[in-house]
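Take a look at the structure set out below.
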Amino acid sequence: MVTKHVRPTSPPTLADLDALPAGVVGEIIEGVLYTMTKPRMRHQHLAGEIHGDLRNPFGKGRGGPGGWWIVTEPGIELPNTPEISPDVAGWRHERMPTMPADEPIRIVPDWVCEILSPNTRRHDLVTKMPYYAKIGVAYAWLVDLEARVLTAQRLESGHWLTLAVYTDETEARIDPFDVVPLNVADWWPPAVSKD
């Protein structure tokens with residue numbers, strides 16, 4: 001579950017994030033601190049699969065065009081939002097030619113991927129997606145862990161346009177990475193046993 005913390009006197013800071021207890025992570029989006037438990041294994045597994053399939057062809061140029069930085073849970077710092085962290089995000093080299101050394105990323109991503117797990121679904125849909133539209137992220141993937149569905153979206157005139165929905169495709173061409181087929185069927189963690 002995501003908890004929203006509003007302080008009427010002063011906006012939250014990175015010090016507030018540093019002071020969170022073990023096992024709790026947070027983001028500060030437009031002056032509001034949101035806290036949640038760290039993502040669980042199935043969530044992290046899925047993020048790793050997506051990152052892994054994009055990293056070689058797009059991040060390294062192996063079997064694909066390269067030209068991207070693909071990062072899991074990057075620390076992004078934007079005006080009035082000192083910390084936002086998509087599950088996976090990407091920047092084209094034309095917009096971010098070099099990787100920041102040891103500082104936050106201060107450039108809006110070209111693409112974000114949010115994994116809709118039971119604990120983050122509402123936060124991702126109600127808070128983060130409108131924020132991504134507001135700051136001009138060009139592409140977003142919403143990956144529903146429980147339903148095993150990926151929804152690819154593109155920003156059009158400030159609103160999200162659904163491009164396609166994927167489930168168990170083995171040769172999916174998904175914007176903005178459509179030049180290389182992706183095996184979406186391989187990403188899903190094993191089904192949870194109801195025993």
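The values are calculated or read from the model by the stated rules, or taken from the named source; none is laboratory data. These figures come from a predicted structure and were not determined experimentally. Using ideal geometry, Cβ is built from the backbone for each residue, glycine included, and neighbour counts are taken over all protein chains shown. Side chains included, ligands, DNA and RNA excluded: accessible areas come from the protein's heavy atoms. Shrake-Rupley method; radii C 1.70, N 1.55, O 1.52, S 1.80 Å.
For region 131-154, name all the residues that are in contact with a Phe, Trp or Tyr (Cβ under 9 Å, 6 or more places away or on another chain) and of a type outside the set (A, V, I, L, M).
Answer for region 131-154, where residues must be in contact with a Phe, Trp or Tyr (Cβ under 9 Å, 6 or more places away or on another chain) and of a type outside the set (A, V, I, L, M): 132, 139, 141, 148, 151, 153, 154.
Checking residue 23 against (1) modelled with pLDDT under 90; (2) at negative phi: exactly one of these is not met. Which one?
Result: residue 23 fails condition (2) only.
Would you mind telling me which numbered condition in (1) surrounded by 19 or more Cβ atoms within 10 Å (Cβ to Cβ); (2) of a type in the set (S, T, N, Q); (3) on the phi > 0 side of the Ramachandran plot residue 153 fails?
(3)
Do any residues in region 162-184 that are of a type in the set (D, E, K, R) have Cβ atoms under 6 Å from those of residues that are assigned to a loop (DSSP other than H, G, I, E, B), where the two are at least six apart or on different chains, and which pairs are they?
Listed pairs, sorted by first residue: 171/181; 173/181.
Determine if region 121-137 includes at least one residue that is closer than 19 Å to residue 183 by Cα, surrounded by 14 or more Cβ atoms within 10 Å (Cβ to Cβ) and out of contact with any helix residue (DSSP H, G or I) (no Cβ under 8 Å at 6 or more places or on another chain).
Quick first cut of region 121-137, residues closer than 19 Å to residue 183 by Cα only: none.
No, that holds for no residue.
So is residue 80 polar (S, T, N, Q) and within 24 Å of residue 188 (Cβ to Cβ) or not?
Numbers: polar (S, T, N, Q): yes; within 24 Å of residue 188 (Cβ to Cβ): no.
When the stated conditions are applied, residue 80 does not pass them.
Yes or no: residue 83 touching a residue at least 60 places away in the same chain (Cβ under 8 Å), assigned to a strand (DSSP E or B) and among the charged types (D, E, K, R)?
Details: touching a residue at least 60 places away in the same chain (Cβ under 8 Å): yes; assigned to a strand (DSSP E or B): yes; among the charged types (D, E, K, R): yes.
Spelling it out, residue 83 is indeed touching a residue at least 60 places away in the same chain (Cβ under 8 Å), assigned to a strand (DSSP E or B) and among the charged types (D, E, K, R).
Take residue 164 and decide whether it is assigned to a strand (DSSP E or B), of a type outside the set (Val, Ile, Thr) and open to solvent by less than 20 Å² (accessible area, probe 1.4 Å). Step through it out loud before you land on a result.
Values: assigned to a strand (DSSP E or B): yes; of a type outside the set (Val, Ile, Thr): yes; open to solvent by less than 20 Å² (accessible area, probe 1.4 Å): no.
So residue 164 fails the test.
Take region 87-136 and flag every residue that is under 17 Å from residue 36 (Cβ atoms), part of a loop (DSSP other than H, G, I, E, B) and at pLDDT 95 or above.
87 - this is the single residue of region 87-136 that is under 17 Å from residue 36 (Cβ atoms), part of a loop (DSSP other than H, G, I, E, B) and at pLDDT 95 or above.
Residues are listed down the side, and each one gets a yes or a no for (1) among the acidic types (Asp, Glu); (2) over 22 Å from residue 43 (Cα atoms); (3) open to solvent by less than 70 Å² (accessible area, probe 1.4 Å); (4) touching a Leu at 6+ places or on another chain (Cβ under 7 Å):
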position	(1), (2), (3), (4)
92	no, yes, no, no
104	no, yes, yes, no
107	no, yes, yes, no
147	no, no, yes, no
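Go through 115, 76 for me and flag whichever is open to solvent by less than 40 Å² (accessible area, probe 1.4 Å), touching a residue at least 40 places away in the same chain (Cβ under 8 Å) and aliphatic (A, V, I, L, M). Show your work before the answer.
Details: 76 fails: touching a residue at least 40 places away in the same chain (Cβ under 8 Å).
Exactly one of 115, 76 is open to solvent by less than 40 Å² (accessible area, probe 1.4 Å), touching a residue at least 40 places away in the same chain (Cβ under 8 Å) and aliphatic (A, V, I, L, M), namely 115.
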